[in-house]
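Report on the following structure.
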Amino acid sequence: MLQTYYDQPLKNPLPPFEARLLRGAVNLTRKDGGTPFDAATRFYAGFAETAVGQGRSLDDIGFAGVLGRMWSLRDKMKFYDEHVAALKTVSTAAQARAAADSGA
């Protein structure tokens with residue numbers, strides 16, 4: 001789903017951190033009755049948050065098109081509103097970090 005719908009070029013096998021993040025997203029989604037689209041989006045939100053925390057650009061992980069792609073999948077998700085809020089939070093954090101970096 002991540003590669004097909006979110007156009008994410010993931011390594012196979014995933015690096016250990018990303019593998020743990022994906023397992024956590026899948027386990028949480030199974031527990032709360034979400035869909036595979038929810039799991040993929042939860043993984044991506046966590047992955048994007050980690051990228052921002054590391055000082056990486058969201059452009060490096062294809063963030064610009066994710067909200068549009070996610071919107072087109074909204075009927076296949078149980079937690080669409082949660083995902084939108086999480087990705088907006090990541091976007092805001094990235095903007096704040098970029099502003100702080102440019103002011104330094």
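Since every read-out is calculated from the coordinates, none of them should be taken as a lab result. A quick note: this is a predicted structure, and the numbers were derived from the prediction, not measured. Virtual Cβ from ideal backbone geometry, glycine too; neighbours counted across all protein chains shown.
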Nearest 10 degrees, 0 to 90: helix 16-32 Cα axis against the chain principal axis: 50 degrees
Angle in degrees between helix 80-103 and the longest Cα principal axis of the chain, rounded to the nearest 10: 20 degrees
Computed log₁₀ I(q)/I(0) - Debye formula, equal Cα scatterers, no solvent, the chain, q 0.14, 0.22, 0.24 Å⁻¹: -0.53, -1.23, -1.41
Principal-axis tilt of helix 36-53 within the chain, Cα atoms, nearest 10 degrees: 20 degrees
222 nm mean residue ellipticity, helices alone, for the chain (DSSP H n ≥ 4; -39,500 (n - 2.57); rounded to 500): -21500 deg cm²/dmol
Largest to smallest principal axis extent of the C-alpha atoms in segment 15-61, angstrom: 33, 20, 13
Other-chain or far-sequence residues with amide H under 5 Å of ARG56's (modelled H): none
Label point distance in nm, ARG74-THR89, each placed 7 Å from Cα along Cα→Cβ: 2.0 nm
